[in-house]
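Data block below; observations after.
The values are calculated or read from the model by the stated rules, or taken from the named source; none is laboratory data. These figures come from a predicted structure and were not determined experimentally. Here the Cβ positions follow ideal geometry from the backbone for every residue, glycine too, while neighbour counts run over all protein chains shown. Surface accessibility is based on the protein's heavy atoms, side chains included, excluding ligands, DNA and RNA. Shrake-Rupley method; radii C 1.70, N 1.55, O 1.52, S 1.80 Å.
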Amino acid sequence: MSVPSRTVRFIAGVILAISLLSGFVASAAGEDLFVSRVFVPKGSFDSSIEGPVCELNGTLYAVSYARRGTIGMVTPDGQASLFVELPAGSTGNGIRFDRAGNMLVADYTGHNVLKVDMTTREVTVLAHEPSMSQPNDLAIGANDIVYASDPNWSNSSGRVWRITPDGTVTLLDSGLGTTNGIEVSPDERTLYVNESTQHRVLAYDLSADGEISNKRVFVSLPGTTLDGMRCDTAGNLYVTRMGAGTIAIVSPSGEIIREVPLIGKNPSNICFGGPDGRTCYVTMASEGTIETFRTDTPGRSWKLYQDQITAVAELPASPRRFTLARNYPNPFNPSTTIEYTLNREAGVELVIFNMAGQRVAVLKQGVEKAGKYGVTWNARNMPSGVYFAQIQVEGVRQTRKMVLVR
């Protein structure tokens with residue numbers, strides 16, 4: 001029995017939409033996984049390039065754009081530009097986003113963790129600890145507790161610090177090897193720290209309030225210097241191997257699953273991004289470039305950031321409270337309604353971004369009183385695909401993913 005073509009198109013559209021919304025879009029036929037390519041041309045960044053971190057709209061950020069003391073931004077099509085100048089005497093390294101969408105930056109020459117307002121680009125000091133050798137990489141939990149590695153390269157030693165959202169700094173462990181990459185597991189029960197020149201990754205049990213215990217060797221990766229590392233949502237750890245030019249993917253049980261070959265030899269850190277969280281971006285020291293490859297599992301930080309900024313953006317002791325509800329219908333064609341609630345009078349901006357990070361519509365801009373609002377977006381002139389509705393209220397942002405299916 002033949003099926004009407006209109007029905008076939010409808011069923012196909014629904015299947016596509018469900019796949020997109022789940023964040024696990026099936027690989028297109030012929031998609032090459034774990035095959036690296038150059039994303040940003042050589043020399044766009046300084047040789048000390050680090051970071052990196054990716055927003056939901058696909059914009060990538062990394063430190064040392066053109067020179068040290070800066071942070072660069074890269075569009076989804078690979079166009080790099082200056083995002084912000086850091087204060088005099090500051091040099092960035094690892095980058096993370098907190099649940100309010102602020103960028104947190106390890107400042108190893110200033111002995112700080114910096115906070116960057118993504119709207120105003122104002123840079124402030126979240127935490128300062130003069131006894132740090134050099135805060136290097138950062139990890140962050142769902143509760144906004146930050147963990148910082150602190151290597152002392154001159155004597156091959158290192159420490160681990162905890163920074164709470166109010167800026168309180170606490171030493172968690174010392175007497176380690178040259179601590180470098182650091183990451184929290186998806187279930188938030190394990191803190192991973194690598195000892196760069198000792199060629200091994202340590203694991204600690206991690207409590208809900210940020211205490212660590214039961215230090216042990218998780219995996220040894222001899223022969224190369226270890227740098228940044230990040231987890232995927234399955235708990236696999238992606239470890240950059242300087243000199244070898246590979247990413248080691250290690251299972252939660254400590255077994256090496258695979259080695260991803262890169263083009264350059266000196267990967268310094270890695271993050272996940274893209275529309276489904278399965279695009280890896282690797283900063284390449286020496287070359288001053290960024291490579292990218294596709295993987296089969298979304299990144300843990302990407303998923304955490306997605307979940308947090310699509311929930312109510314309410315920080316402890318913060319008067320800035322608002323809610324961006326899920327748009328309906330979703331998927332939609334061609335119109336959808338976006339609802340948000342304010343608990344106080346405030347300046348509001350509601351905009352739509354496409355996958356390239358470009359603004360395609362401004363739905364609201366101005367001061368509004370407390371209350372519940374609904375705005376309809378008619379996308380009749382837009383192509384099918386993923387879009388993002390982003391609301392900004394007094395410098396705090398929330399984002400929702402939407403799918404237009406023709």
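So here's what we get for this one:
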quantity	calculated
Residues (part of a loop (DSSP other than H, G, I, E, B), in contact with an Asp or Glu (Cβ under 7 Å, 6 or more places away or on another chain) and open to solvent by 20 Å² or more (accessible area, probe 1.4 Å)) located in the stretch 267-309	Thr297
Qualifying positions in the stretch 207-225 - part of a strand (DSSP E or B) and open to solvent by 20 Å² or more (accessible area, probe 1.4 Å)	Ile212, Ser213, Asn214, Lys215, Arg216, Val217, Phe218, Ser220, Thr225
Contacts under 8 angstrom Cβ, first residue in the stretch 273-285 being of a type in the set (Ser, Thr, Tyr), partner part of a loop (DSSP other than H, G, I, E, B), 6 or more apart	Thr279/Thr295
Residue count, the stretch 118-160 (criterion: open to solvent by 10 Å² or more (accessible area, probe 1.4 Å) and in a strand (DSSP E or B))	8
Strands (runs of 3 or more DSSP E) contained entirely in the stretch 45-108, each with at least 3 residues that are of a type outside the set (S, T, N, Q) and open to solvent by less than 10 Å² (accessible area, probe 1.4 Å)	45-54, 60-65, 70-74, 92-97, 103-107
First in the stretch 351-380 and within 16 Å of Lys401 (Cα to Cα) and assigned to a strand (DSSP E or B), second anywhere and modelled with pLDDT under 95 and among the polar types (S, T, N, Q), Cβ under 6 Å, 6 or more apart	Val351/Gln390; Phe353/Asn57; Val360/Asn354; Thr376/Ser335; Thr376/Thr337; Trp377/Thr336; Asn378/Ser335
Leading residue by the ranking (nearest to the chain's Cα centre (by Cα)) among those in the stretch 348-376 that are more than 30 Å from Ala80 (Cβ to Cβ) and surrounded by 13 or more Cβ atoms within 10 Å (Cβ to Cβ)	Val348
Residues that are part of a loop (DSSP other than H, G, I, E, B) and open to solvent by 20 Å² or more (accessible area, probe 1.4 Å), drawn from the stretch 226-242	Thr233, Ala234, Asn236
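For (1) over 15 Å from Val146 (Cα atoms); (2) touching a Ser or Thr at 6+ places or on another chain (Cβ under 7 Å), each residue gets a yes or a no:
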position	(1), (2)
Val201	yes, no
Ala208	no, no
Ile212	no, no
Phe218	yes, no
Arg230	no, yes
Val239	yes, no
Ser251	yes, no
Arg258	yes, no
